[in-house]
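All remarks here apply to the structure that follows.
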Amino acid sequence: MEQPAQPRVVIIGGGFGGLNAATALAKLPLAVTLIDRKNYHNFQPLLYQVATAGLSPGEIAAPIRGVLKKHPNVEVLMGEVVGFDLDKRLVWLRDDGSVPYDYLVLAAGATHSYFGHDEWEKLAPGLKTIEDAIEIRRRVLLAFELAERSVALEHAHDLEPIQFVIVGGGPTGVELAGTLSEVARHAIVRDFRSIMPQQTRIILLEGGPRVLPAYPEDLSRSAEAQLRKLGVDVRTRSVVTSVEPGGVTLADGSQVRSTVTLWAAGVAASALGRALGSPVDRSGHVLVNPDLSIPGHPEVFVIGDLANLADKSGQPLPGLAPVAIQEGRHVAKNVARDLRRQPRRDFVYLDKGTMATIGRAAAIARIGRLHISGFIAWFLWLFVHLMYLVGFRNRLLVLTEWAWSYFTYQRSARLITGSETLPGWSDAREAASTSQPEAANTKAS
């Protein structure tokens, strides 16, 4: 007699939520299919380290097939999902292929938002993918190389200081600002002969009254003080209304010159959330039931950055890795309860705390009612992020790189790939030649 087919669970996305859902569901009598546009899991919290040449991409990424190879009931498909047929229970792929499911777990995550100005992306890249990180690294390192060449070959001693502008004072913006300051003032300060990298300016623009607005006010103030100690020019209540080659314009009409502009201001949910046809909020996050399913379709779950679920205080759960991890595991538990014909349980997030790194031995952390700043918070941040990294090899490599960087101030992944031009560089040079610079970052000839 032919055995009945096992129920099939299709997971969209190999991030924290999708990967943890897959590993938990693999323990059940199910056929699990994980679909992702990439063949690797990307450890997003350390993308800024790739963007600032501290780590190589392979050190913060792990092949999805390698992670799941021990689970024979899990298959991995590399493909792009473009839509769903909830009535027929099908997932549509870009190549016109389709994958049937009994359960669907949507963990497609989020991307950066330019608030209706997608044309700004070419001028101010965000930081959500490995490709983004490599592009930011290219622009940052290229800014120093172009300045060195201009002074060495063109004798352009009137060159204005290199100026990095980061839009957005959330965790990503704060991490980029603090680390870029360290790169300019320590890591590469002795590597150039014609310019003085330590005179580089890092400006962090935040539209609200304080950086890290999701954190308690005392930690936010501590973060700002630590940034200023690192030499970062923190400007709050500075709303960017336009991004142009070579600078940005603020709401008050003033302009801020920029050699390289980086975007860390907004987050938008994946467009796949709207493709479900289920209610979404203004940012495209899917409004889910307490058990993480969507209204009218108990077989469809949405988790991670794509889901909108309120906590006990009525506020949406933050887009953090621990939230996605717990949600992925909770979905597996509810599917298991379905198989046992038991009632589902609502998701309750166990908040173990939040933390943000600012720079070398500088960070903030909230663990329950305990607020920590400085070296201890940085050490806790390092330990937690090492534990979340997928794979022993990745942990060992990252620990080695961090130890080497801590004691030597060096950055090991300083590779420039791709184009050798920067948006607005020629315009900035022309402007510098016709105006008096504020302070040159060139060495005396």
If you check Val140 against the conditions, is it in contact (Cβ under 8 Å) with a residue 12 or more places away in the chain and assigned to a helix (DSSP H, G or I)?
yes
The number of residues in the range 269-300 that are out of contact with any Phe, Trp or Tyr (no Cβ under 7 Å at 6 or more places or on another chain) and either buried (at least 17 other Cβ atoms within 10 Å of the Cβ) or among the polar types (S, T, N, Q) (or both) is 16
Being modelled with pLDDT under 90 and either assigned to a strand (DSSP E or B) or on the phi > 0 side of the Ramachandran plot (or both) is the filter here; which residues of the range 57-71 pass it?
Ala61, Ala62
Taking Ser313 and the conditions (1) touching a Ser or Thr at 6+ places or on another chain (Cβ under 9 Å); (2) in the same structural domain as Phe16 (by TED's automatic domain parsing); (3) part of a loop (DSSP other than H, G, I, E, B), which numbered condition does it fall short on, given that it satisfies the others?
(1)
Within the bounds of the range 280-292, is there any residue that is hydroxyl-bearing (Ser, Thr, Tyr) and touching a helix residue (DSSP H, G or I) at 6+ places or on another chain (Cβ under 7 Å)?
no
In the range 263-279, what residues are assigned to a loop (DSSP other than H, G, I, E, B) and either over 23 Å from Phe347 (Cα atoms) or out of contact with any helix residue (DSSP H, G or I) (no Cβ under 8 Å at 6 or more places or on another chain) (or both)?
Ala264, Ala265, Gly266, Ala271, Leu276, Gly277, Ser278, Pro279
Which ones in the range 294-310 are small (Gly, Ala, Ser) and either in a strand (DSSP E or B) or touching a Ser or Thr at 6+ places or on another chain (Cβ under 7 Å) (or both)?
Ala307, Ala310
Evaluate the following for Ala336: is it in a helix (DSSP H, G or I), surrounded by fewer than 19 Cβ atoms within 10 Å (Cβ to Cβ) and touching a residue at least 40 places away in the same chain (Cβ under 8 Å)?
yes
Criterion first (crowded, with 23+ Cβ neighbours inside 10 Å and assigned to a loop (DSSP other than H, G, I, E, B)) does Val189 satisfy it?
no
For the list (1) under 30 Å from Ala362 (Cβ atoms); (2) outside any loop (DSSP other than H, G, I, E, B), I need the number of the one condition that Gly169 fails.
(2)
What are the residues in the range 366-394 that are of a type in the set (A, V, I, L, M, F, W, C), in contact (Cβ under 8 Å) with a residue 60 or more places away in the chain and within 30 Å of Ala184 (Cα to Cα), if any?
Leu389
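The values are calculated or read from the model by the stated rules, or taken from the named source; none is laboratory data. From a predicted model like this one, the values you see are computed outputs, not experimental measurements. Using ideal geometry, Cβ is built from the backbone for each residue, glycine included, and neighbour counts are taken over all protein chains shown.
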